[in-house]
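Values in this text are rule-based calculations from the coordinates and carry no lab data. Predicted, not measured: the structure shown is a model, and the values here were computed from it. Positions of Cβ are backbone-derived with ideal geometry, glycine not excepted, and every protein chain shown enters the neighbour counts.
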Amino acid sequence: MPGLEVKNLSYSYKDKSILEDVCLEINPGEFAGILGPNGSGKTTLLNNINRWLVPQKGSILIEEQKVESLSPKTLAQYVATVPQETSLDLSFTVEEIVMMGRNPYLKTFEREKPRDKTIIEECMKAVGIWNLKDRYINELSGGEKQRALIARALAQQPKVLVLDEPISHLDINYKWEILELLKNLCKNMKIIVLAVLHDINLASLFCDKLLLLKDGKIFKSGSPEEVITEQNIREVFDVDVKINIQPQSGRPMITFISPVHKDTRPRSCERIHVVCGGGAGEKILQYLRERGYQVSAGVLNIGDTDWKTAKNLGVDVIEDLPFSPVSEEKAEENKLYLDRAEAIIICNIPFGHGNLKNLILLRDVVAKGEKKIFVLHETPIGQRDYTGGLAAKIYSQILKESVVINSIEELRDFF
Ligand SMILES: Nc1ncnc2c1ncn2[C@@H]1O[C@H](COP(=O)(O)OP(=O)(O)OP(=O)(O)O)[C@@H](O)[C@H]1O
């Protein structure tokens, strides 16, 4: 049973639709991060979950209780919020601020009981600010203040803790401390933490689950590995990034390359099949995907450099076992993609007995004379034929019926 469930949530400010059909599930003990560009609806989503906003459609359930059925006091025992901006009364001490978190448990004008004092002491100790209890809030550093606000939210003993950009104003050391703290709170107290984060790398390192929002819709949700891909980041943030895996954590880390320069020229067709391998197709696959073509590639061996690139880019890959020749079954599957494609690009790859079937399939396609075939011919075939001349013979037949291209740059004139 998920601790927090959002079902088909839609929200509009007056007639301006912001969130559309948002669904998500988070389990107790999970740390979930919400990522997305400015204005994509992250804060609006949090504010629907904590009921500061009321959705026009859909429902939010915490431990199977609909939040709209809860009284404000009970709701405050279910969800606690650390907002983006808070004006704190500077005349309060840290202990008094944290004690405010107990209000949902007190009757009007009721004084806090010893149990409330014990709880706030535990919460302040959990976030490491017990030693600051008598200090005034305006005497604290940014990181300490943030901890005090988290302690106040924890004092509500919520099942769900929502935080809107909790680390934005902190230096890297405090950012790390706060995220580590939140992760431990999830683990030790089995609460759900849902935080809007702008730092993709820190979100990747600390979160169990990520929700990537684009234009008010969930573009992708899942583990950091599933969500943080070059293609997803490009499509959502319009920036080119390179992803590397951080060895210590195994989590994906992004390196910024450049903003995406959108090529708005019309496309010459829709579906293209690429015959590649060993990294020779990397730039072509990237270019075609950037231009928005539907791309397939194959047959490729699992683990091949182009196989990895194609997978990352969301290209349809016809794949066979690592280091094994193309099987009959995979050749048949590849044929379907060749039939569907409007154009075929053959990269400047070596041919051996392992991938000879790819070439034989292409010869059959050429014989039909229905497809446009482009051959990127940079190195003479004699230098990349490892089949004793068989591949060169078939290749030369194909070449006669194809558009021959000498560089990737030339390809841009056609696609
Ligand atoms: N009170 C409001 N009335 C009308 N429109 C609003 C209101 N609050 C926010 N919006 C609009 O709703 C959209 C989503 O805003 P929201 O604050 O949820 O985005 P966000 O993803 O949290 O952005 P940021 O990363 O900049 O904080 C934006 O276009 C914003 O201008």
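Applying both filters, DSSP loop and at most 15 other Cβ atoms within 10 Å, to the trypsin sites (Lys or Arg not before Pro) of region 1-92 gives Lys14. Within the chain, the cysteines lacking any other cysteine Cβ closer than 4.7 Å to their own Cβ are Cys23, Cys123, Cys186, Cys207, Cys269. Looking at region 82-120, the trypsin sites (Lys or Arg not before Pro) that sit in a DSSP loop and have at most 16 other Cβ atoms within 10 Å of their own Cβ are Lys107, Arg111. State the answer as a single residue: which of Val127, Ile318, His273 lies farthest towards the positive end of the charge dipole of the chain, with beta carbon charges of +1 for Lys and Arg and -1 for Asp and Glu, about the Cα centre. Going by the Cα projections, it comes out as Val127. With neighbours defined as other Cβ atoms within 10 Å of a residue's Cβ, the residues Glu370, Glu319 order from fewest to most as Glu370, Glu319. For region 80-131 versus region 220-278, the inter-centroid distance based on Cα atoms is 44 Å. With neighbour counts taken as other beta-carbon atoms within 10 Å, the residues Ile373, Ile120, Ile172, Ile302 rank, fewest first, as Ile172, Ile302, Ile373, Ile120.
Loop-resident GluC sites (Glu not before Pro) (DSSP state other than H, G, I, E or B) in region 203-302 with no more than 13 further Cβ atoms inside 10 Å of their Cβ: Glu270. Per-residue ellipticity at 222 nm from helix content only, as computed over the chain with -39500 (n - 2.57) for each DSSP H run of at least four residues, stands at -10000 deg cm²/dmol. By the count of other C-beta atoms within 10 Å, a proxy for reagent exposure, Ile245, Ile318, Ile254, Ile150 are ordered fewest to most as Ile245, Ile254, Ile318, Ile150. Each of Leu359, Val241, Ala155 was placed along the dipole of the chain (beta-carbon charges, centred on the mean Cα), and the one lying farthest toward the positive end is Ala155. For region 100-213, the Cβ-based charge dipole about the Cα centre amounts to some 560 debye (Lys, Arg positive; Asp, Glu negative; other atoms uncharged).
In region 271-411, the DSSP beta bridges split such that about 0 percent are antiparallel, to the nearest 5.
Working from the Cα coordinates of the chain, the gyration tensor eigenvalues give, after taking √(5λ), semi-axes of 57, 21, 18 Å in decreasing order.
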